[in-house]
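These notes concern the structure reproduced below.
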Amino acid sequence: MTFSPEFEQRFTEMLTHYPSKRSVLVPTLLYAQDEVGYLSDEAITEIAQRLQLTELDVRNVISYYSMLTTKPRGKYNVQVCTNIACILRGADDLWEHCQKKFGLRHKQTTPDGQFSIEEVECIGACSWAPAMQVNYDFHENLTKDKFDTILDGYKKKA
Amino acid sequence: MPDVNITVDGKKVTAPAGTLLIEACKTVGIEVPAFCYYPGLSLQGACRMCLVKVEKMPKLQTACTTVISEGMAVTTDHEEIHQARKSMVELLLGNHPLDCPVCDAGGECELQDMTFSYGASESKYTEAKNHKEEQQWSPVVFFDRPRCILCYRCVRVCDEAMDVAALGIQNRGSGSVIAPNMGDHLDCEECGMCIDICPVGALTSGAYRYKTRPWEMNHVATACTHCGDGCKTTLGVRRSETGMEIVRGDNRDKSGPNGDFLCVKGRYAFDFANRTDRLTQPLVRRNGKLVPVTWDEALTYVGQKLAEIRSQSGGASMGVIGSNRTTNEENYLLQKFARVVLQTNNIDHQRTADFAAFAAALAGRPDATASAREVFDAPAILLIGNDPTEQHPLLAYQIRNNVRLHKARLYVVNSESVKLRRQATLFSQIPSGSEAAFAAFLAGGDVANGANRDEWNALRDQLRKETGLVIAFGSELRGASIASLNKFALSVQGAKLICLADYANSRGAADMGVYPDLLPGYVPLIQGSKFKAEWGTLPDAAGLTLPGMVDAAKSCKLKALLVVGANPVFRMKLDPATFANSFLVVQDLFLSETAAVADVVLPAASAYEKSGTFTNTYGDVQLVKQAGEITGTKSDFEIIVRIAERMGYDVAKLVPFGSGSRADMGQSRGAQSGEADRHAVWLEAQGLELKMNPFDPTAVFDEIQRLVPGYQVSRLNLMAGNDQHTRLDQNGGGAVGDPALIQPANDGLFSSGSTGRYSKTLNTVMENRNRVEMPKVAAD
Amino acid sequence: MADLVSHPDEIKVVSKRFGQGAADIDRYLALDGYKAAQKALPMTPDAIINEVKTSGLRGRGGAGFPTGMKWSFVPKDSPKQKYILCNGDESEPGTCKDRLILEHDPHSVIEGVMIAGLAVNAESGYIYIRGEYRYLSIIMQKAIKDAYARGFLGKNIFGSGKKFDVYWHGGAGAYEVGEESALMESLEGKRGIPRIKPPFPAVVGLWGSPTVINNVETLASAPHIILDGAQKFADYGTPKNGGVRLFCLSGHVNKPGVYELPLGYSLKKMIYEVGGGIPGGKKIKAVVPGGSSTPVLTADEIDIAMDFDGVAKAGSMLGSGGVVVIDESTCMVRFAQYIMKFYQHESCGWCIPCREGTDWLKKTLDRFHAGGGVKKDINNIQYLAENMMGRTFCPLGDAAAMPTISIVTKFRKEFEDHLEGRPCPYDPVGSVRLLPVLSH
Ligand SMILES: Cc1cc2nc3c(=O)[nH]c(=O)nc-3n(C[C@H](O)[C@H](O)[C@H](O)COP(=O)(O)O)c2cc1C
Ligand code: SF4
Ligand code: FES
């Protein structure tokens, strides 16, 4: 399977950073997922071969990390934090709102494959709660209105 | 290592520095409970059952990860400890299905035992349990997640001890689950070690599950009947309408040379014995068809026929083919029967290794062979040829774990890139067929072609620096090559050798003289005076080899042939009509290809249904214990004795059941019998057998011990179930057979001569492996 | 990205370059950047360690272990490679300070890693950044690249003839990976399962080599200590609690944000003055003083000095500096429920008490808050949590148990008010819901 030239460049460079090959595994998986959208069987086979690991070994690692997934999800993954600092500032209402808005539940994806929603644990935005991430972008001090505006922006991009 | 002194519950304990606390406790009889700790596997500290109090430590400490240090004061029995353990069990039971009544592990479950010990009987949890459907991962491996306590023993045994790494851990937290390597199934060696090591009923065996309760079985520890490694296995046996059924093979008795280990065959392939198409009635050919008759009829017929042929055409017109799978006593008896009753030296077996050449090469060095146990401790191992992973699973296990646990150096010389290369310090891949050249090179020769020169030179130099090297070689090396290897061994301090043969008692057949030119103990016929002294006259001229007998049959010169536990028609790919002109008697479990063309077929008991001894390829002799009997069969031993009797031979001469150690005890009947009877009581109490009849193999073992010097092992140890290493004590000059006579079986992990075909489990495993790869689905 | 705040009581040391574009290397240099590293270069390792010891710096990652002492544990005569590992996994709920350092002052982290390297004779360092902080790893990668380009990193740092490499590393979502030994496992490309200790990382760490592991803020403090003098840093704080640290104020306060305050600062003041008090003038019900894993304090217990010893005296911990304020309208059962949801999700699953304990606690609290509680549940919750304490493989189990025990003991009445058939009386706005078991 082929990855982008940027991926290859980063992969090759990262290999030089460590005394052991498999050390690149976790970041590599995340970058591969960014390209493919999820960790497909193909991607897993490829990475396992490159790092001389068994596919089982790679799957053991994938399934440990909450950001890694072997199932396709939306182009935009809306991750609403419902940890304590956010909850105290209304994250549960926001999450409720988010579910209603998309008509989805935790880890579901819209039929057009554009959006998935996810309830996540603390993302390090406690002082700017409630907060969410859409893919890697942080959105903080949210209200329902702000949430809608932000999401409309993504919808236009979609 | 210097010793360290600690106190445990007030008891003084001294153990070498580096000892784990949990092990130190064991030495004074204090058992610290543990789920995840398993000797020989990596430490986990995961189950927290082994928590103990260590003085000056604020928190309870895990005994399984704590290394003892001088002056350490430990408490293992305390309210706080008890409560900690109790709560662990409670937590486990919270999600446990508690389906003990229908669980295979019920009665043998460590979780049950811990619950019993710590009394976590009150149910604290009202929530629904996390449920998951049971999964089948292979024909023999089933997984029931809710029962799993995540001790990771299975994952470790598969990875560390087996170097298969087919099991992993997926997800995290309470979603953690053991996962097979192919998503929803396993691709592995099917050894079943994971099932055996599982403390609960999470991993169960497809061959055993839901068949019985552990307490309904008899547990009989005996030797495995498949490859030449001779693992000890415990058979779970229960009565059935055929007489007995073996339901399980496992490692309950870890006292064998194999310790924890069993391969797929040892664990499951006993099942051929349970088959319903076992022969249970003698068959005699009448009007071209084999028809069932009584034992009496069949034996009388065989006895008369053989006596008749002997008197008409002489012993030289008769032949005997012995077995790699019958006991030492049977092999010994068979060759004695051939030589003294039939008056022929036409006796041979399918040779899978050149033990005759091995014995000749080692002449005068009876202790130069290594036992199976020694392989695990040897500082260095040289392996030439063979693929132990496939052909000698125990050897592979011993080597692998010696390298892992004791940092042994392994040198592998092979024409294939065998799996053990992964443990090798040095691996030299050589062209197929050049093993002999390599042996010659080791003995001081030069390298004919330059290709491997540097590598071989470096290897030889390195090997010479080793002490206590164990050299194991496959059937690639025969005849003179073995002599070369021995020459090289002499140049390495403390080197010992292992000659690898294929079947459970191949070594025994060779040691017991199932050869046309060698008597028991590899004594050439002409030097057999001590045998003659005991047995009377026997023919002097060497007899026919196995191929020789086949040729003689083809040219109508072989008037009679007795085949015991062998299948030459299949093995040697013979035209079934080959024996058309010989009176063919076959003793077998099944109507094999050879039995199908016999004149008389006698239903034999399998090795699980009789007593005696086996000698594995290393020369370790072990007890074969009768697990039960199949109605209608007789042991080969009994059959031979009865044929001799029907031929008019005095069986007391054949089986010296009146002499030997029993005779030393005095009379067993009459006025002076008191002492003998007291001995009898003692013998029985020790689990030793009384020799009261001519069908008792122990009587023959007496004779073996008397006449074969290498077998003078501790009788008591042997009878107590311990393997005893024999010496390869060869007195004569040695008769080296034709290397072409060596016909390895080339069995793999999932085959076992022609008997393997009768194992349902092996067949299912093979079929499953041959199926097209199933689609890969991630384990959930 | 995140808003910056300020308050007159702040003493800006680590945060002094926040909002000043110091991610740019020239800007960083203009703001005294890399001076500390150059000052440390000719110093002996012992001299550096002594400075750090004198500063009274204690780990900012959570455990508060004295940093100088940690550095001194690295065996001096070991022939092995040594490594510095900067812990930027920041995942403790209530904590969002390392994020600001990495965003606004990435070079100070690189410089801190170098100084630690010089102190223990290491030649390489890794900066592990949690996967969610992708933008920060981009910033860090650029900073590292720029430092190499200037010759501050590489084979001949600052022309000294010494070698030092710094690499970044990314996570992929796992709180447990913040635990130091799990962090190493993760960096080595494995599941984030902690290691058996001893051996400690200072002796056997990354790839079997001695490794110093420190929090981002801890390492970012080092350059200031070296440059401005250890005593100056120590003097900001209280005895045995040197310096200033970043406090992340969140929850029910008017002015949440990350403030750099001296150790020993009054918690009450922090909430009412720095944080501007409670919205709507409500009363405080409880405060989490140092991230979700620390026992909660009641309104009566917040008149304390915020340093390691002061908070310990109040029965809790200074932890990672995450101060979460909870007002009177909050249901503490629900709060406990959300805390447990987190630990249940983040338990690595290795050991029985944490894996099973968090799962049962979450399930029980779920049911309980929804009105399905029975009397024995209350004792059961306490029993479960107490039986996890001190018995798990790593401190995560304690982290889940401690707040739970504190809530169930200090707010037992709220639990009783939830009993059978009585759903939450404290949260009238329909917030009763069973939390999903977040699948991974
Ligand atoms: C479950 C758990 C999670 C942790 N997460 C973090 C973290 O995200 N960041 C951090 O710096 N330290 C974290 N720690 C503390 C580290 O184990 C370690 O003590 C710290 O990185 C040492 O750095 P310091 O001495 O500079 O504080 C965590 C500890 C535990 C037990
Ligand atoms: S306490 Fe146990 S299960 Fe929990 S995170 Fe630590 S090791 Fe993993
Ligand atoms: S045996 Fe010690 S933790 Fe499992």
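The values are calculated or read from the model by the stated rules, or taken from the named source; none is laboratory data. Please read these numbers as outputs of a predicted model, since none were measured by experiment. Neighbour counts are summed over all protein chains in view; Cβ atoms, including those assigned to glycine, are modelled from backbone coordinates with ideal geometry. In case anyone asks, the SASA skips ligands and DNA or RNA and just uses the protein heavy atoms, side chains included. Shrake-Rupley method; radii C 1.70, N 1.55, O 1.52, S 1.80 Å.
Taking 27 Å as the cut-off for C-alpha to C-alpha distance, list the pairs among B:232/B:760; B:419/C:190; B:59/C:232; B:305/B:634; A:100/C:341 that go past it.
B:59/C:232
Among DSSP bridges having both ends in chain C, what percentage is antiparallel? Round to the nearest 5.
That works out to approximately 45 percent antiparallel.
Among C:175, C:83, C:265, which one shows the biggest mean-square fluctuation in a GNM of chain C, springs joining Cα atoms closer than 10 Å?
Of C:175, C:83, C:265, the most mobile in the Gaussian network model is C:265.
Which shape class applies to chain A: rounded if a/c is under 1.5, otherwise prolate when a/b exceeds b/c and oblate if not, where a ≥ b ≥ c are the square roots of the Cα gyration tensor eigenvalues?
Prolate, because a/c is 1.5 or more and a/b exceeds b/c.
With each label point set 7 Å from Cα along the Cα-Cβ vector, what nm distance links residue B:432 and residue B:291?
5.0 nm
Cut-off under 19 Å on the C-alpha distance; same-chain residues fewer than 8 positions from residue C:155 excluded. Which aspartates and glutamates are left, in chain and number order?
Result set, ordered by chain and number: A:13, C:111, C:123, C:146, C:165.
Using only Cα atoms, find the angle between the long axis of helix C:106-120 and the longest principal axis of chain C, and express it within 0 to 90 degrees, rounded to the nearest 10.
For helix C:106-120, the angle is close to 70 degrees.
For the protein assembly as shown, what is the Kirkwood hydrodynamic radius in Å, using each pair of distinct C-alpha atoms?
35.7 Å
How long are the semi-axes of the ellipsoid equivalent to chain B, from square roots of 5 times the Cα gyration tensor eigenvalues, in whole Å, largest first?
Three semi-axes, in Å: 47, 31, 27.
Can you give me the % of accessible surface on the protein assembly as shown that is carbon or sulfur? Probe 1.4 Å, all protein chains present, nothing else counted.
Roughly 52 percent of what the probe reaches on the protein assembly as shown is carbon or sulfur.
Taking the Cα centroid of the range B:76-150 and of the range C:288-345, what is the distance between the two, rounded to the nearest whole Å?
35 Å
Hey, in the GNM for chain C with a 10 angstrom Cα cutoff, which one of C:42, C:295, C:79 fluctuates hardest?
Looking only at C:42, C:295, C:79, the biggest GNM fluctuation is shown by C:79.
Which net charge results when you count Lys and Arg as +1 and Asp and Glu as -1 among the other residues whose beta-carbon is under 10 Å from that of residue B:534?
After counting each charged neighbour, the total is +4.
Residue by residue through A:10-19, how many Cβ atoms from other chains fall within 10 Å of the Cβ on average?
Whole-number average of other-chain Cβ neighbours for A:10-19 is 3.
Suppose every Lys and Arg Cβ carries +1 and every Asp and Glu Cβ carries -1, with no other charges. What dipole size does the protein assembly as shown come out with about its Cα centre, to the nearest 20 debye?
It works out to roughly 420 debye.
Tally the DSSP beta bridges in chain B and give the antiparallel ones as a percent, rounded to 5.
Restricted to chain B, the bridges split so that about 55 percent are antiparallel.
Mind putting a number on the dipole of the range A:5-64 about its Cα centre? Charges go on the C-beta only, +1 for Lys and Arg and -1 for Asp and Glu, and I need it in Debye to the nearest 20.
300 debye
I'd like to check one number: the per residue accessible area of the protein assembly as shown, probe 1.4 Å, reported in Å² as a whole number.
Here the per-residue accessible area is 35 Å².
Total accessible area buried between chains B and A, 1.4 Å probe, in Å² to the nearest 100?
Using a 1.4 Å probe on protein heavy atoms, the buried area is about 900 Å².
Can you show me the helix-derived [θ] at 222 nm for chain B, built from DSSP H runs with n ≥ 4 at -39,500 (n - 2.57) apiece and divided by the number of residues, rounded to the nearest 500.
-8000 deg cm²/dmol
Using alpha carbon coordinates only, what is the Rg to Rh ratio of the range B:51-167, with Rh defined as the Kirkwood radius?
Ratio of gyration radius to Kirkwood radius: 1.03.
Note the full-extension length gain between residue C:413 and residue C:80 as 0.36 nm times their separation in residues minus their Cα-Cα distance, in nm to one decimal.
Contour length minus the Cα-Cα distance gives 114.2 nm.
Report P(r) for the range B:3-77: all Cα-Cα distances, bin width 5 Å, range 0 to the bin holding the largest distance, values in whole percent.
Over the range B:3-77, the share of Cα pairs per 5 Å bin runs 3, 19, 31, 27, 16, 4 percent.
In the structure displayed, which of C:12/C:97; C:39/C:145; C:97/C:145 lie more than 20 Å apart, Cα to Cα?
Too far apart for the 20 Å limit: C:39/C:145; C:97/C:145.
Along Cα→Cβ, 7 Å out, is where each label goes; now give me the distance between the ones at residue C:422 and residue B:73 in nm to one decimal.
5.0 nm
List the aspartates and glutamates whose alpha-carbon lies under 15 Å from that of residue B:496, not counting same-chain residues fewer than 8 positions away?
Here the aspartates and glutamates satisfying the reach criterion relative to residue B:496 are B:367, B:374, B:377, B:466, B:620, B:729.
What is the antiparallel percent of DSSP beta bridges lying wholly in the protein assembly as shown, to the nearest 5?
50 percent
Out of every Cα pair in the range C:244-327, what percent are spaced more than 21 Å from each other?
Looking at the range C:244-327, the distances longer than 21 Å represent 13 percent of pairs.
Return the inverse of the average 1/r over all pairs of distinct C-alpha atoms in the range A:5-64, which is the Kirkwood hydrodynamic radius, in Å to one decimal.
11.5 Å
Per the helix-only calculation at 222 nm, which mean residue ellipticity applies to chain C, given -39500 (n - 2.57) for every DSSP H run of n ≥ 4 and division by its residues, nearest 500 deg cm²/dmol?
Helices in chain C give a 222 nm mean residue ellipticity of -11000 deg cm²/dmol.
Obtain the nm distance between the two label points defined at residue B:127 and residue B:56 by a simple spin-label model: each point lies 7 Å from its Cα along the Cα-to-C-beta direction.
4.1 nm
Residue B:100: net charge of surrounding residues, Cβ under 13 Å, Lys/Arg +1, Asp/Glu -1, itself excluded?
Charge balance near residue B:100 sits at -4.
Could you run the Debye sum over the Cα atoms of the range B:100-205, one equal point scatterer each and no solvent, and tell me log10 of I(q)/I(0) at q = 0.12, 0.23 Å⁻¹, two decimals?
Log10 of I(q)/I(0), two decimals: -0.42, -1.36.
Mean separation of Cα pairs under 8 Å and 6+ residues apart, divided by the residue count of the range C:1-136: what relative contact order is that in percent?
Contact order relative to length: 32 percent.
What is the local net charge at residue A:97, summed over the other residues whose Cβ is closer than 12 Å to its Cβ (Lys, Arg +1; Asp, Glu -1)?
Net of charged neighbours comes to -1.
Pick from C:245, C:391, C:58: which is most flexible by mean-square fluctuation in a GNM of chain C where alpha carbon atoms under 10 Å apart are linked?
Most flexible of the set in this elastic network: C:391.
Please state the relative contact order of chain B as a whole percent: Cα pairs under 8 Å, 6+ residues apart?
Rounded, it is 15 percent for chain B.
Would you list which aspartates and glutamates come within 15 Å of residue B:289, measuring only between C-alpha atoms, while excluding same-chain residues fewer than 8 positions from it?
Counting by Cα, and skipping residues close in sequence, residue B:289 has these aspartates and glutamates nearby: B:593, B:599.
Residues of the range B:133-174 that become at least 10 Å² less accessible with every protein chain present than in their own chain isolated, using 1.4 Å: which are they?
Those residues are B:149, B:150, B:152, B:165, B:168, B:169, B:170, B:171, B:172, B:173, B:174.
With an 8 Å Cα cut-off and a minimum separation of 6 or more residues, compute the relative contact order for the range C:244-327 in percent.
Reported relative contact order: 36 percent.
Hey, which of these cross-link pairs are over 24 Å Cα-Cα: B:26/B:56; B:26/B:129; C:16/C:285; A:21/C:76; C:268/C:363?
Checking Cα-Cα distances, B:26/B:129; C:16/C:285; A:21/C:76; C:268/C:363 exceed 24 Å.
Quote the charge dipole size of chain B about the Cα centre in Debye, to the nearest 20; the model charges only the Cβ of Lys and Arg (+1) and of Asp and Glu (-1).
500 debye
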